[in-house]
Amino acid sequence: MSELIVQGERYSCRGILLDKDGTLLNFIQLWGPWARSILDMMEQHLALSGTGFTVAKDSVLGTIHDREGRVIGYDPSGPLAMGTVDESTGVLAWQLYAAGVPWNEAVRLVRDFNKTAMTDIRRQRAAKVFPGLQTLLEQSRRAGVKLAVVTSDSTEAAQEHLEWMGLTSYFDEVIGHDRVTYGKPDPEMAEKACALLGLSPSDVVVIGDSNGDMQMGKRAGVRLAIGFAPEPERSAHLLDADMVIRAYEELEVRETWTK
(Lines give C-alpha, C1' and ligand atoms only; values in the text may rest on other atoms or scores of the structure.)
Protein backbone atom coordinates (compact mmCIF):
# COMPACT_ATOMS: atom_id res chain seq x y z
CA MET A 1 0.00 0.00 0.00
CA SER A 2 1.12 3.57 -0.66
CA GLU A 3 0.10 6.89 0.79
CA LEU A 4 -0.44 10.39 -0.54
CA ILE A 5 0.67 13.20 1.72
CA VAL A 6 -1.28 16.42 1.17
CA GLN A 7 -0.61 19.50 3.27
CA GLY A 8 0.67 17.31 6.09
CA GLU A 9 -2.27 14.87 6.01
CA ARG A 10 -1.78 11.24 4.98
CA TYR A 11 -4.20 9.25 2.83
CA SER A 12 -3.96 5.66 1.63
CA CYS A 13 -3.70 5.65 -2.16
CA ARG A 14 -3.31 2.97 -4.81
CA GLY A 15 -4.16 5.06 -7.85
CA ILE A 16 -4.38 8.66 -9.06
CA LEU A 17 -6.64 9.93 -11.85
CA LEU A 18 -5.50 13.22 -13.36
CA ASP A 19 -7.32 15.58 -15.67
CA LYS A 20 -5.19 16.78 -18.59
CA ASP A 21 -5.81 20.40 -19.61
CA GLY A 22 -5.10 22.78 -16.75
CA THR A 23 -3.87 19.90 -14.56
CA LEU A 24 -1.05 18.17 -16.43
CA LEU A 25 -0.34 21.04 -18.77
CA ASN A 26 -0.81 24.81 -18.88
CA PHE A 27 -4.26 25.22 -20.38
CA ILE A 28 -4.00 28.68 -21.90
CA GLN A 29 -0.63 28.07 -23.58
CA LEU A 30 -2.09 25.16 -25.52
CA TRP A 31 -5.71 26.13 -26.08
CA GLY A 32 -5.54 29.93 -26.07
CA PRO A 33 -4.12 30.10 -29.64
CA TRP A 34 -6.63 27.46 -30.76
CA ALA A 35 -9.57 29.43 -29.36
CA ARG A 36 -8.38 32.68 -30.92
CA SER A 37 -7.85 31.03 -34.29
CA ILE A 38 -11.23 29.33 -34.47
CA LEU A 39 -13.13 32.35 -33.12
CA ASP A 40 -11.41 34.61 -35.68
CA MET A 41 -12.35 32.24 -38.52
CA MET A 42 -15.92 32.13 -37.24
CA GLU A 43 -16.06 35.92 -37.00
CA GLN A 44 -14.73 36.36 -40.54
CA HIS A 45 -17.26 33.91 -41.96
CA LEU A 46 -20.13 35.59 -40.13
CA ALA A 47 -18.97 39.01 -41.34
CA LEU A 48 -19.22 37.80 -44.95
CA SER A 49 -22.88 37.09 -44.24
CA GLY A 50 -23.33 40.58 -42.83
CA THR A 51 -23.80 39.40 -39.28
CA GLY A 52 -21.80 38.45 -36.18
CA PHE A 53 -21.93 36.38 -33.02
CA THR A 54 -25.25 36.34 -31.18
CA VAL A 55 -23.32 37.09 -27.96
CA ALA A 56 -20.06 38.86 -27.19
CA LYS A 57 -17.11 37.08 -28.80
CA ASP A 58 -15.57 36.18 -25.45
CA SER A 59 -18.84 34.64 -24.27
CA VAL A 60 -19.03 32.05 -27.06
CA LEU A 61 -16.49 29.68 -25.50
CA GLY A 62 -15.82 31.52 -22.23
CA THR A 63 -12.53 33.24 -23.12
CA ILE A 64 -10.77 36.40 -21.92
CA HIS A 65 -8.97 38.50 -24.55
CA ASP A 66 -6.43 41.31 -24.41
CA ARG A 67 -6.60 44.41 -26.61
CA GLU A 68 -4.78 42.63 -29.43
CA GLY A 69 -7.31 39.78 -29.40
CA ARG A 70 -5.01 37.20 -27.79
CA VAL A 71 -6.71 34.77 -25.44
CA ILE A 72 -5.16 35.40 -22.03
CA GLY A 73 -7.66 33.65 -19.78
CA TYR A 74 -10.81 31.58 -19.62
CA ASP A 75 -13.87 30.84 -17.55
CA PRO A 76 -13.08 27.58 -15.66
CA SER A 77 -16.77 26.70 -15.76
CA GLY A 78 -17.20 27.54 -19.47
CA PRO A 79 -17.29 25.47 -22.68
CA LEU A 80 -13.61 25.90 -23.51
CA ALA A 81 -12.56 24.54 -20.12
CA MET A 82 -15.15 21.82 -19.61
CA GLY A 83 -16.72 20.96 -22.96
CA THR A 84 -15.91 17.97 -25.11
CA VAL A 85 -14.92 18.37 -28.76
CA ASP A 86 -18.49 17.57 -29.83
CA GLU A 87 -19.97 20.01 -27.32
CA SER A 88 -17.67 22.82 -28.46
CA THR A 89 -18.55 22.02 -32.07
CA GLY A 90 -22.22 22.35 -31.19
CA VAL A 91 -21.72 25.68 -29.42
CA LEU A 92 -19.85 27.12 -32.41
CA ALA A 93 -22.15 25.62 -35.04
CA TRP A 94 -25.13 27.22 -33.30
CA GLN A 95 -23.64 30.66 -33.98
CA LEU A 96 -23.51 29.88 -37.71
CA TYR A 97 -26.99 28.37 -37.68
CA ALA A 98 -28.37 31.47 -35.98
CA ALA A 99 -26.88 33.47 -38.86
CA GLY A 100 -28.82 31.39 -41.40
CA VAL A 101 -26.37 28.62 -42.23
CA PRO A 102 -28.06 25.17 -42.48
CA TRP A 103 -27.12 23.00 -39.52
CA ASN A 104 -25.26 20.34 -41.49
CA GLU A 105 -23.22 23.03 -43.25
CA ALA A 106 -22.57 24.83 -39.95
CA VAL A 107 -21.17 21.65 -38.40
CA ARG A 108 -19.00 20.99 -41.48
CA LEU A 109 -17.61 24.53 -41.40
CA VAL A 110 -16.75 24.32 -37.69
CA ARG A 111 -14.97 21.01 -38.24
CA ASP A 112 -12.98 22.56 -41.09
CA PHE A 113 -12.08 25.54 -38.89
CA ASN A 114 -11.01 23.13 -36.14
CA LYS A 115 -8.72 21.21 -38.52
CA THR A 116 -7.01 24.46 -39.49
CA ALA A 117 -6.62 25.56 -35.87
CA MET A 118 -5.32 22.14 -34.82
CA THR A 119 -2.69 22.22 -37.57
CA ASP A 120 -1.22 25.28 -35.87
CA ILE A 121 -1.43 23.62 -32.45
CA ARG A 122 0.48 20.58 -33.69
CA ARG A 123 3.12 22.76 -35.27
CA GLN A 124 3.69 24.77 -32.08
CA ARG A 125 3.39 21.85 -29.62
CA ALA A 126 2.80 24.34 -26.81
CA ALA A 127 2.05 21.71 -24.17
CA LYS A 128 4.02 22.70 -21.07
CA VAL A 129 4.14 20.52 -17.96
CA PHE A 130 3.40 22.20 -14.64
CA PRO A 131 6.40 22.49 -12.28
CA GLY A 132 6.66 19.64 -9.80
CA LEU A 133 4.35 17.31 -11.73
CA GLN A 134 7.05 15.00 -13.06
CA THR A 135 8.42 14.53 -9.54
CA LEU A 136 4.96 13.43 -8.37
CA LEU A 137 4.68 11.00 -11.29
CA GLU A 138 8.13 9.56 -10.52
CA GLN A 139 7.20 9.11 -6.85
CA SER A 140 3.99 7.37 -7.89
CA ARG A 141 5.82 4.98 -10.19
CA ARG A 142 8.36 4.07 -7.51
CA ALA A 143 5.59 3.51 -4.95
CA GLY A 144 3.57 1.31 -7.31
CA VAL A 145 0.68 3.79 -7.54
CA LYS A 146 -1.23 3.38 -10.81
CA LEU A 147 -1.93 6.47 -12.89
CA ALA A 148 -4.57 7.36 -15.47
CA VAL A 149 -5.56 10.44 -17.44
CA VAL A 150 -9.27 11.29 -17.48
CA THR A 151 -10.01 14.08 -19.93
CA SER A 152 -12.82 15.73 -21.89
CA ASP A 153 -10.45 15.78 -24.86
CA SER A 154 -10.29 12.80 -27.23
CA THR A 155 -8.13 9.84 -26.24
CA GLU A 156 -6.00 10.26 -29.37
CA ALA A 157 -5.34 13.95 -28.69
CA ALA A 158 -4.53 13.25 -25.04
CA GLN A 159 -2.02 10.57 -26.00
CA GLU A 160 -0.48 12.97 -28.50
CA HIS A 161 -0.08 15.68 -25.86
CA LEU A 162 1.44 13.23 -23.38
CA GLU A 163 3.97 12.26 -26.03
CA TRP A 164 4.88 15.90 -26.65
CA MET A 165 5.55 16.32 -22.92
CA GLY A 166 7.43 13.03 -22.52
CA LEU A 167 4.88 11.70 -20.02
CA THR A 168 3.44 8.72 -21.90
CA SER A 169 5.31 6.05 -19.94
CA TYR A 170 3.91 7.15 -16.59
CA PHE A 171 0.26 6.41 -17.36
CA ASP A 172 -1.38 3.00 -17.33
CA GLU A 173 -4.57 4.27 -18.97
CA VAL A 174 -5.80 7.29 -20.92
CA ILE A 175 -9.57 7.81 -20.90
CA GLY A 176 -10.93 10.43 -23.30
CA HIS A 177 -14.54 11.42 -23.89
CA ASP A 178 -14.71 8.95 -26.78
CA ARG A 179 -14.24 5.98 -24.43
CA VAL A 180 -17.33 6.71 -22.36
CA THR A 181 -20.99 7.47 -22.98
CA TYR A 182 -21.22 10.34 -20.51
CA GLY A 183 -18.46 12.85 -19.82
CA LYS A 184 -17.72 14.87 -16.71
CA PRO A 185 -19.28 15.49 -14.23
CA ASP A 186 -20.82 12.04 -14.70
CA PRO A 187 -18.81 9.42 -12.76
CA GLU A 188 -18.48 7.05 -15.74
CA MET A 189 -15.00 8.21 -16.73
CA ALA A 190 -13.60 7.71 -13.23
CA GLU A 191 -15.42 4.40 -12.83
CA LYS A 192 -14.03 3.13 -16.14
CA ALA A 193 -10.50 4.20 -15.23
CA CYS A 194 -10.72 2.43 -11.87
CA ALA A 195 -12.06 -0.73 -13.49
CA LEU A 196 -9.24 -0.78 -16.05
CA LEU A 197 -6.66 -0.17 -13.33
CA GLY A 198 -8.17 -2.97 -11.24
CA LEU A 199 -8.80 -0.64 -8.31
CA SER A 200 -11.73 0.31 -6.12
CA PRO A 201 -12.66 4.02 -6.32
CA SER A 202 -12.17 4.19 -2.55
CA ASP A 203 -8.45 3.56 -3.12
CA VAL A 204 -8.13 6.27 -5.77
CA VAL A 205 -7.51 10.03 -5.73
CA VAL A 206 -8.72 12.47 -8.41
CA ILE A 207 -6.77 15.64 -9.24
CA GLY A 208 -8.26 18.27 -11.54
CA ASP A 209 -8.67 21.98 -12.14
CA SER A 210 -12.44 22.09 -12.71
CA ASN A 211 -15.38 21.45 -10.44
CA GLY A 212 -16.56 18.93 -13.03
CA ASP A 213 -13.49 16.85 -12.10
CA MET A 214 -14.41 17.11 -8.42
CA GLN A 215 -18.04 16.14 -9.04
CA MET A 216 -16.97 13.20 -11.22
CA GLY A 217 -14.71 11.91 -8.46
CA LYS A 218 -17.22 12.41 -5.67
CA ARG A 219 -20.00 10.70 -7.58
CA ALA A 220 -17.68 7.75 -8.32
CA GLY A 221 -16.83 7.45 -4.62
CA VAL A 222 -13.10 8.18 -4.81
CA ARG A 223 -10.92 8.49 -1.71
CA LEU A 224 -10.14 12.15 -2.28
CA ALA A 225 -10.93 14.89 -4.80
CA ILE A 226 -8.11 17.44 -4.99
CA GLY A 227 -8.57 20.71 -6.82
CA PHE A 228 -5.54 22.17 -8.61
CA ALA A 229 -5.53 25.98 -8.80
CA PRO A 230 -2.11 27.55 -9.48
CA GLU A 231 -3.81 30.95 -9.54
CA PRO A 232 -5.61 31.63 -6.22
CA GLU A 233 -8.58 33.32 -7.89
CA ARG A 234 -9.39 30.08 -9.68
CA SER A 235 -9.90 28.13 -6.47
CA ALA A 236 -13.33 29.66 -5.78
CA HIS A 237 -15.08 27.53 -8.39
CA LEU A 238 -13.76 24.25 -6.94
CA LEU A 239 -16.77 23.98 -4.67
CA ASP A 240 -16.80 20.19 -4.41
CA ALA A 241 -13.07 19.70 -3.78
CA ASP A 242 -11.98 18.04 -0.55
CA MET A 243 -8.97 20.34 -0.65
CA VAL A 244 -7.24 22.68 -3.08
CA ILE A 245 -3.52 22.89 -3.87
CA ARG A 246 -1.64 25.61 -5.73
CA ALA A 247 1.44 23.57 -6.66
CA TYR A 248 2.44 19.93 -7.01
CA GLU A 249 5.13 20.46 -4.40
CA GLU A 250 2.27 20.26 -1.87
CA LEU A 251 1.84 16.57 -2.73
CA GLU A 252 4.09 13.59 -2.03
CA VAL A 253 3.58 9.90 -2.71
CA ARG A 254 5.32 7.35 -0.50
CA GLU A 255 5.34 3.61 -0.32
CA THR A 256 4.30 2.36 3.12
CA TRP A 257 5.63 -0.79 4.67
CA THR A 258 3.69 -3.14 6.94
CA LYS A 259 4.86 -6.28 8.72
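Which chymotrypsin sites (Phe, Trp or Tyr not before Pro) in region 189-259 pass both tests, a DSSP loop state and at most 12 other beta-carbon atoms within 10 Å?
Hits after loop and neighbour filter: W257.
Calculate, in nm to one decimal, what S202 and I64 gain on full extension: separation in residues at 0.36 nm each, minus their alpha carbon distance.
Stretched out fully, the S202 to I64 stretch lengthens by 45.9 nm.
Label 7 Å along Cα→Cβ of T181; region 58-85 residues with amide nitrogen under 13 Å?
none
Roughly speaking, to the nearest percent, how much of the chain's 1.4 Å accessible area is carbon and sulfur?
48
With the other protein chains left in place, how much accessible area per residue, in square angstrom, belongs to region 135-225 at a 1.4 angstrom probe?
Accessible surface, normalised per residue, equals 37 Å².
Among the GluC sites (Glu not before Pro) within region 50-115, which fall in a DSSP loop and have no more than 12 other Cβ atoms within 10 Å of their own Cβ?
Counting only loop positions with at most 12 other Cβ atoms within 10 Å, the GluC sites (Glu not before Pro) in region 50-115 are E68.
Counting only C-alpha contacts under 8 Å and six or more residues apart, can you give the relative contact order of the chain as a whole percent?
25
What's the whole-number percent of alpha carbon pairs in region 141-259 lying beyond 23 angstrom?
31
Under 17 Å from a point 7 Å along the Cα-to-Cβ line of M118: which residues of region 138-166 have their amide N that close?
From region 138-166, the list is 151-164.
Can you list the lysines whose alpha carbon sits under 23 Å from that of K184, skipping same-chain ones fewer than 8 residues off?
K20, K146, K192, K218
At R0 = 30 Å, how high is the FRET efficiency between I72 and T256 if r is their beta carbon distance? Nearest 0.05 is fine.
0.10
So, for region 3-133, what is the accessible surface per residue at a probe of 1.4 Å, expressed in square angstrom?
It amounts to 48 Å² per residue over region 3-133.
Roughly what would the spin-label model give for Q29 and R125, points 7 Å off Cα along C-beta, in nm?
1.4
Please give, to one decimal in nm, the separation of the simple spin-label points placed at Q7 and E156, each 7 Å out from Cα toward the Cβ.
Here the answer is 4.1 nm between the modelled labels.
If one computes the Cα centroid of region 74-150 and of region 181-259, what distance in Å separates the two points?
20
Note down the nm distance, to one decimal, between modelled labels 7 Å out along Cα→Cβ at A47 and at E249.
Here the modelled spin labels are 4.5 nm apart.
The values are calculated or read from the model by the stated rules, or taken from the named source; none is laboratory data. Just so it is clear, the model here is predicted, and its values are computed rather than measured. In this analysis, Cβ positions are derived from the backbone assuming ideal geometry, glycine residues included, and neighbour counts consider all displayed protein chains. Only protein heavy atoms, including side chains, enter the accessible area calculation; ligands, DNA and RNA are left aside. Shrake-Rupley method; radii C 1.70, N 1.55, O 1.52, S 1.80 Å.
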